[in-house]
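Reviewing the structure listed below.
Any read-out appearing in this document is the output of simple, stated calculations on the displayed coordinates, not a laboratory observation. Note that the coordinates shown come from a computational prediction; the quantities given were computed from them, not determined experimentally. Cβ placement follows ideal geometry from the backbone for every residue including glycine, while neighbour counts extend to all protein chains displayed.
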Amino acid sequence: MPTINLRGAQKNYGVNAANAVADLDLEIRDGEFMCLLGPSGCGKTTTLRMIAGLENLSGGEIQVGERVVDSVQQGIFVPPEKREMGLVFQSYALWPHLTIERNTDFGLRLRNLPKAEREARVERVMQALDISKYRDRYPSQLSGGQQQRVALARMLAVNPGVLLLDEPLSNLDARLRLEMRAELKRLHNEFKTTIVFVTHDQWEAMTLATTIAVMNEGTLQQMGTPNDIYDRPANRFVAEFVGSPPINILTFGKPGISDIADKAETYFSKNYPKLRGIGSIGLRPEAMGYVAKQKSVPEDSFSAEMTVTGVLPTGGSWILELRSKNHTLFLTTHALPRIDSGERVFVHAPPEAMHVFDGQGRRVSEADTVLRKNTYN
Amino acid sequence: MALLSETTNADTPARGASSAPSAWQTWRYRLKIALREPTTLIGVLTAVLFTYLIVVPIISIVLDSVRVQFGHERRLGKDVGDLTVYYLDRAFFSPVATDLFWRPLLNTLTVALGAISLSLVIGTVLAWLISRTDMFGRRWFATALIVPYMLPAWTFALAWTTLFKNRTVGGQPGWFEAIGLTPPDWVAYGRFPITIILALHYTPFVILLFGSALRRFDSQLEDSARILGARRYQVAIQIIMPLMRPALLSSMVLIFAKCLGEFGVPYVLGLPVKFEVLSTSLFRSIASRQTGVAGVVAASIMLIGIITLMIDARLVREARRFVTIGSKGSMNRQNRLGKLRLPATGFAAAVFIVSVAMPLLTLVLSTVMKVPARFTLDNFTLDYWIGTDLHTVALQTGILLSPDLWAAAKNTMMIVGLASLVSGVLGLLVGYVVIRTPVRSLSIYLRQVTFLPYLVPGIAFAAAYLSLFAVPRGPMPALYGTVTILILALIADQMPYASRAGISAMTQLGKDPEEAAQIAGAGWFRRMIYIVIPIQKGSLVTGVLLPFISGIKGLSLFVILAVPSTDVLTTFSLRLVDYHYTQAANAVVLIIAAIAYFGTLLAQKLTRTNLAEGLGS
């Protein structure tokens with residue numbers, strides 16, 4: 001299957017409107033399970049629809065394999081019906097006047113395949129998605145989860161090279177969602193299609209994707225493996241968007257605003273005097289620990305004394321809310337916390353757990369080499 | 001991998017492909033997309049068609065009012081077509097202006113205001129009783145009280161004359177006259193009966209609009225006020241009324257706009273005492289070939305109509321601010337009426353009797369009685385329906401045996417049927433183009449131009465058609481007296497409803513099902529045939545049926561554009577009224593009413609919706 005390339009893709013609605021997608025470069029390789037992740041309104045759905053051809057470009061071009069399918073400069077536009085892709089809509093968009101079988105069969109009929117082959121392929125996908133028992137029903141007679149399967153089956157039947165999914169799981173309840181995630185992963189392996197998946201749910205992206213592209217305000221923030229995104233967020237937006245509870249940010253260079261940040265600044269100038277121009281650092285809640293006595297703080301770690309103001313069980317793990325004079329931090333732990341609100345503890349974080357960003361919020365990669373010298377990199 | 005993830009960061013290196021496209025390139029690309037599918041082409045064609053059918057006639061009649069008309073060259077010392085203020089002067093400032101314009105205007109306004117006040121009082125009470133109380137038979141009343149709206153307004157005018165006609169006018173006397181109680185002129189004709197009848201006819205408007213606003217009202221808002229200690233009347237005055245105001249104002253404005261174009265009722269009841277409103281004055285100007293003055297009056301009616309409906313549009317926008325989101329609390333909470341339960345039911349029943357039962361019964365009885373108001377067995381006959389050899393000058397058979405009726409029925413079916421079919425299909429097409437075309441200006445133009453006739457009362461619109469198509473223009477032959485002009489005018493007149501139905505159907509459908517088909521590989525024609533049309537079958541049927549019903553009971557367009565050879569049922573019955581064939585006229589009106597009523601029921605059944613949404617036809 002070919003690689004999809006977006007080069008400088010742009011979309012704006014109206015001349016003076018802000019760009020829904022601004023100058024986007026994206027490469028989706030064969031067999032990839034790519035997640036477009038971002039908050040609502042970040043342009044991820046628009047990007048997906050541009051790939052499908054449902055949205056035309058305001059600038060730039062899209063290439064599939066050797067073939068340019070969309071280009072403002074060259075005046076090329078291949079309509080969606082000729083792009084040979086599959087798209088599962090958020091609303092499923094099943095045709096209400098056709099039975100499940102006819103819905104699944106629709107694309108095959110258009111391709112004028114012989115009846116026997118059509119029947120075989122419809123049978124295969126209906127079996128694979130476990131919907132053959134509903135073949136004579138109409139979409140309105142199915143539940144959300146079943147409709148979702150039909151929407152998938154309808155697209156898989158024509159065996160598209162690329163399968164585009166627009167938040168297909170957002171209308172399902174938690175349990176069904178989990179099932180469908182596993183299902184999608186299985187289908188990806190079975191049908192060997194390239195999948196582009198749009199979601200605002202970070203866990204969905206983390207669990208499914210081989211590559212995640214994080215978007216915000218129409219621009220690509222970072223592209224990488226799920227681990228990359230989490231462990232090496234390219235900027236503060238990515239760091240803060242991915243992770244729950246969110247990453248704790250300590251902003252440097254503003255003395256008096258936060259005593260913890262001031263303390264961290266002192267820690268850095270003492271231990272890592274060569275690192276300059278730090279705008280802020282980020283500490284993941286689960287990368288921090290707490291101890292009752294200062295002497296138990298691990299060597300080299302940054303630490304600060306804080307008051308426990310809340311212990312929130314989340315089932316299997318706990319979120320601690322900690323306050324100093326003018327700063328609040330969150331910390332997660334998997335061991336039952338044997339402390340109560342009001343107790344004072346020492347919060348500590350090892351250097352390798354620190355994400356360092358410059359004044360513009362970009363990751364300082366130089367800091368990683370210094371701070372993470374003890375870990376694999 | 002780590003390195004890669006950092007280089008894909010915001011600041012990107014210069015690339016050939018992403019340099020901004022030139023204006024020419026962007027334009028070429030957009031054009032390619034716009035012309036890729038027939039949508040835009042269809043849009044352009046329909047836009048041209050509606051410009052010709054809607055905009056041009058309106059411009060034409062406005063021009064008529066400021067240009068010298070045929071036959072006035074001598075008096076004005078100018079050639080036909082030269083600019084003149086003569087007609088404006090004549091209609092607004094001359095000694096005859098009072099009769100031509102100012103008194104009709106005053107009459108229109110007072111009748112409309114009277115009708116509005118009366119229907120608001122009756123309508124709000126009924127709406128509240130139906131939607132928020134435990135009155136007996138609420139459900140039945142909810143349908144029964146809407147019936148006057150399904151019938152042509154002048155059905156009631158004919159019922160009124162049947163009862164109250166006095167010796168001022170010749171022909172068969174009214175029932176009261178016949179039993180010796182001569183009703184005074186002010187009861188029999190003119191302002192009083194017109195106001196009452198319009199009020200009764202438009203009360204359903206208030207019931208529907210106000211009632212649906214009441215039902216949508218979130219009772220949690222009410223409960224919150226009660227919990228904070230407000231009494232019932234305080235809740236009513238401080239919470240419910242302010243939130244209901246947009247619905248009330250909107251129904252007022254709509255009734256006003258409808259009264260403005262109402263022709264049948266003032267024609268039947270106003271003529272005997274020379275009580276003129278704007279629409280009848282316009283009719284008289286046209287009948288006496290005063291095209292210039294007719295232009296002025298028609299343009300004035302249009303202007304008032306446009307202003308009124310713009311106010312309405314504004315109010316609707318205002319009302320949207322008040323839309324209470326979340327229908328969780330909007331359950332049908334009922335107030336217990338207690339001791340008032342029976343009187344309330346009595347009130348609703350009384351309104352039903354006065355506005356539906358009595359008029360219809362009167363009409364039915366009048367068609368089977370030889371002498372008015374004599375209730376003896378030998379006075380009843382079916383001769384007026386199916387008799388032969390009646391001793392009358394014309395129409396010597398019962399109405400059902402008269403070839404004239406069937407000719408008129410055939411004309412009606414053909415003219416109204418064809419026009420509705422065409423406008424239904426065009427409506428869906430317009431809906432499709434408006435929602436789908438990538439050319440925004442085309443979408444906006446089509447939406448507005450098809451809505452324009454709504455702002456123009458039917459009688460003024462008919463006058464506009466007459467002004468444009470009465471004489472040959474360019475390749476178009478003179479159309480006056482032909483079936484074509486009626487069909488064209490009807491199509492244009494019905495486009496607001498048809499295109500609105502089409503647009504809302506396409507909006508409801510959304511673009512997903514069609515895009516899914518596109519992704520599956522279906523081109524434009526296949527999507528139309530396999531997806532869009534099958535899904536929209538139901539709305540297409542109603543898009544044809546609703547214009548058909550309103551066309552059947554429509555009078556104002558036909559009365560100006562029809563000639564005896566293109567008689568339809570409505571004009572046929574009006575002619576019978578003019579010749580004082582009371583029984584026959586009433587019978588024809590009953591036939592029309594029956595078609596309109598059962599048609600409406602059918603349309604409701606097909607769409608499984610309430611009439612409230614199709615308001616205005």
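Per residue of A:147-156, what is the mean number of Cβ atoms on other protein chains within 10 angstrom of that residue's Cβ?
Values: counts 0, 0, 0, 0, 1, 0, 0, 3, 3, 0.
That works out to 1 on average.
Would you mind checking the tilt of helix A:174-191 against the longest principal axis of the Cα atoms of chain A, expressed as 0 to 90 degrees and rounded to 10?
Between helix and principal axis, roughly 60 degrees.
Any chance you could list the semi-axes, whole Å, largest first, of the equivalent ellipsoid that the Cα gyration tensor gives for the stretch B:421-481, using √(5λ)?
28, 14, 12
Within 10 Å of each Cβ in peptide B:433-444, how many partner chain Cβ atoms are there on average? Round it to a whole number, please. Display every interim value, and only then the final one.
Numbers: counts 0, 0, 0, 0, 0, 1, 0, 2, 0, 0, 0, 0.
The shielding value for this peptide is 0.
Under Stokes-Einstein, with the Kirkwood radius over Cα pairs standing in for Rh, what whole-number D in µm²/s applies to the stretch B:440-529 at 20 °C and 1.002 mPa s?
Working: Rh = 15.9 Å.
For the chosen part, D equals 135 µm²/s.
So what's the convex hull volume per residue for the Cα atoms of chain B, in Å³?
Numbers: hull volume 144.4 nm³, N = 617.
Value for chain B: 234 Å³ per residue.
Rounded to the nearest 10 degrees, what's the angle between the helix B:458-469 long axis and the longest principal axis of chain B, both from Cα atoms, 0 to 90?
80
From zero outward in steps of 10 Å, how is the percent of C-alpha pairs of chain A spread across the bins?
5, 20, 25, 21, 15, 10, 4, 0
With all pairs of different alpha carbon atoms counted, what Kirkwood hydrodynamic radius in Å does the stretch B:546-612 show? Show your work: numbers first, answer last.
Numbers: mean 1/r = 0.0776 Å⁻¹.
About 12.9 Å, per the Kirkwood formula over Cα pairs.
Which value, to two decimals, describes the C-alpha radius of gyration of the stretch B:508-586 once divided by 2.2 N^0.38 Å?
Details: Rg = 21.9 Å, N = 79, 2.2 N^0.38 = 11.6 Å.
Relative to the rule-of-thumb radius for its length, the stretch B:508-586 sits at 1.89.
Could you sort the peptides A:204-210, B:595-601, B:546-552, A:112-118 by per-residue average Cβ neighbour count (10 Å cutoff), highest mean leading?
Highest-to-lowest ranking by the protection proxy: B:546-552, A:204-210, B:595-601, A:112-118.
Could you tell me what a quarter of the Cα convex hull surface of the stretch A:127-184 works out to, in nm² with one decimal place?
Values: hull surface 17.1 nm².
With every direction weighted equally, the projected area is 4.3 nm².
Need one word for the stretch B:82-222: rounded, prolate or oblate. Basis is the Cα gyration tensor (sqrt eigenvalues a ≥ b ≥ c); a/c below 1.5 gives rounded, then a/b vs b/c decides.
oblate
If the limit is 19 Å between Cα atoms, which of A:LYS254/A:LYS293; B:LYS258/B:LYS605; A:LYS82/A:LYS185; B:LYS410/B:LYS553; A:LYS11/B:LYS32 go over it?
Flagged as over cut-off: A:LYS254/A:LYS293; B:LYS258/B:LYS605; A:LYS82/A:LYS185.
So if I take the centroid of the Cα atoms in the stretch A:313-350 and the same for the stretch B:365-414, what is the distance between those two points in Å?
One Cα centre to the other: 95 Å.
Suppose R0 equals 35 Å. What FRET efficiency, 1/(1 + (r/R0)^6) with r the Cβ-Cβ distance, do B:VAL273 and B:PHE92 give to the nearest 0.05?
The calculated FRET efficiency here is 0.90.
Give me the distance in nm between label points sitting 7 Å out from Cα along the Cα-to-Cβ direction at B:ARG75 and B:TYR480, one decimal.
Roughly 1.7 nm, to one decimal.
Pop a pseudo-label 7 angstrom from the Cα along the beta-carbon direction at both A:ALA18 and B:VAL471 and give the gap in nm to one decimal.
6.0
In 10 Å bins starting at zero, report the fraction of Cα pairs in the stretch A:1-158 per bin as a rounded %.
Answer for the stretch A:1-158: a P(r) of 10, 33, 30, 21, 5, 0 percent.
In whole Å, what are the Cα extents of the stretch B:184-242 along the three principal axes, biggest one first?
Reported extents, whole Å, longest axis first: 56, 20, 12.
Please enumerate, by chain and number, the aspartates and glutamates with C-alpha under 19 Å from the C-alpha of A:LYS325, excluding those fewer than 8 residues away in the same chain.
Here the aspartates and glutamates satisfying the reach criterion relative to A:LYS325 are A:ASP259, A:ASP262, A:GLU265, A:GLU305, A:ASP340, A:GLU343.
For B:THR168 and B:LEU35 in one chain, what is 0.36 nm times their gap in residues minus the Cα-Cα distance, to one decimal in nm?
41.2 nm
Across peptide B:102-111, how many C-beta atoms of other chains are within 10 Å of each residue C-beta, on average?
That average works out to 0.
Using all Cα-Cα distances in the stretch B:38-95, what percent lands in each 5 angstrom bin from 0 up to the longest?
With a bin width of 5 Å, the distribution comes to 4, 17, 17, 15, 12, 9, 8, 7, 6, 3, 1, 0.
Based on the mean of other beta carbon atoms within 10 Å per residue, what is the order of A:160-170, B:290-300, A:271-281, most packed first?
By packing density, highest mean first, the sequence is B:290-300, A:160-170, A:271-281.
How big is the Rg/Rh ratio for the stretch B:456-498, C-alpha atoms only, Rh by Kirkwood, two decimals? Present the calculation step by step, with values, prior to reporting the outcome.
On the way: Rg = 10.6 Å, Rh = 10.7 Å.
With Rg and the Kirkwood Rh in hand, the quotient comes to 0.99.
Could you state the angle between the C-alpha long axis of helix A:144-157 and the longest principal axis of the C-alpha atoms of chain A, as a value from 0 to 90 degrees rounded to the nearest 10?
With rounding to tens, the tilt is 60 degrees.
At 222 nm, what helix-only mean residue ellipticity would chain B give, in deg cm²/dmol to the nearest 500, using -39500 (n - 2.57) for each DSSP H run of four or more? Write out the running numbers ahead of the final one.
Values: 32 runs with 407 residues, N = 617.
Mean residue ellipticity, 222 nm, calculated: -21000 deg cm²/dmol.
Given Cα positions, please report Rg to Rh for the stretch A:123-230, the hydrodynamic radius being the Kirkwood one.
0.99
Classify the protein assembly as shown: rounded, prolate or oblate, from the alpha-carbon gyration tensor (a ≥ b ≥ c, eigenvalue square roots; a/c under 1.5 rounded; otherwise prolate if a/b is larger than b/c)?
The shape class here is prolate.
Apply the a/c threshold of 1.5 to the C-alpha gyration tensor of the stretch A:227-336 and tell me whether it is rounded, prolate or oblate.
Values: a/c = 1.62, a/b = 1.19, b/c = 1.36.
It comes out oblate by the Cα gyration axes.
Summing +1 for each Lys or Arg and -1 for each Asp or Glu, what net charge is found among the other residues whose Cβ lies under 15 Å from the Cβ of A:ASN326?
Here the charged neighbours net out to -1.
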